[in-house]
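The values are calculated or read from the model by the stated rules, or taken from the named source; none is laboratory data. These numbers come from a predicted model, not from an experiment. Don't worry about glycine lacking a Cβ; one is built from the backbone with ideal geometry, like all the others, and counts go over all protein chains shown.
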Amino acid sequence: MSLEADRDAILARTQQLLVAVTGGDWEAYEEICDPSLTCFEPEALGNLVDGLDFHQYYFNLPGGSNTPIQSTMIGPHIRIIGDVGIIAYIRLTQKIVDGKPTTSAMEETRIWHRQSGKWKHVHFHRSPAK
């Protein structure tokens, strides 16, 4: 694959991931992610999370929202190093809270690894944007 094709694939896979998260689609999320996915994120309270079990909990919460949620990547920067792809961006999430539209921003870095010709999500770091 060319560098441009790899960048396009990383961008597309990241968008698929965000759609799976905002849509609560565990099967899609599980297919996109490596089983040994690691992360630092606000929900982990400063701890390194290893594996998918921690994440699955959030997909199974009762009383899920039936209002639309939209995530937008702002300024994605992609770097390819062999079979590793890194994407960093600001993620804007729009949703309805207490009947009013709201937007939140997170700084996100995601690491992808090409496995058997397919990009798998292997690590991420999310922090509130300041």
Taking the conditions exactly as written (surrounded by 12 or more Cβ atoms within 10 Å (Cβ to Cβ), free of Cβ contacts under 8 Å to residues at least 60 places away in the same chain and either of a type in the set (S, T, N, Q) or under 14 Å from HIS125 (Cα atoms) (or both)), does ILE96 satisfy them or not?
no
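Going by what's in this entry, would PHE59 be described as modelled with pLDDT under 95 and surrounded by 11 or more Cβ atoms within 10 Å (Cβ to Cβ)? Reasoning before the result, please.
On the way: modelled with pLDDT under 95: yes; surrounded by 11 or more Cβ atoms within 10 Å (Cβ to Cβ): yes.
So PHE59 fits the description; yes.
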So, of the residues in segment 28-54 that are among the aromatic types (Phe, Trp, Tyr) and more than 16 Å from ARG91 (Cα to Cα), which turns out to be surrounded by the most Cβ atoms within 10 Å (Cβ to Cβ)?
TYR29
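Using the structure shown, decide if ILE111 is among the hydrophobic types (A, V, I, L, M, F, W, C) and out of contact with any Ser or Thr (no Cβ under 6 Å at 6 or more places or on another chain). Outline the logic, then answer.
On the way: among the hydrophobic types (A, V, I, L, M, F, W, C): yes; out of contact with any Ser or Thr (no Cβ under 6 Å at 6 or more places or on another chain): yes.
Spelling it out, ILE111 is indeed among the hydrophobic types (A, V, I, L, M, F, W, C) and out of contact with any Ser or Thr (no Cβ under 6 Å at 6 or more places or on another chain).
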From the residues in segment 12-27 that are part of a helix (DSSP H, G or I) and over 11 Å from the mean Cα position of the chain (by Cα), which one is surrounded by the fewest Cβ atoms within 10 Å (Cβ to Cβ)?
GLU27
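Looking at segment 75-115 only, could you name the residues that are more than 22 Å from ASP50 (Cβ to Cβ) and of a type in the set (Gly, Ala, Ser)? Write out each step before concluding.
Narrowing segment 75-115 to residues more than 22 Å from ASP50 (Cβ to Cβ): 75-82, 89-105.
Across segment 75-115, the qualifying residues are GLY75, GLY82, GLY99, SER104, ALA105.
Taking the stated definitions as given, is GLY75 at pLDDT 95 or above, surrounded by fewer than 10 Cβ atoms within 10 Å (Cβ to Cβ), at positive phi and of a type outside the set (Lys, Arg)? Give the derivation first.
Working: at pLDDT 95 or above: yes; surrounded by fewer than 10 Cβ atoms within 10 Å (Cβ to Cβ): yes; at positive phi: yes; of a type outside the set (Lys, Arg): yes.
Judged against the criteria, GLY75 is a match.
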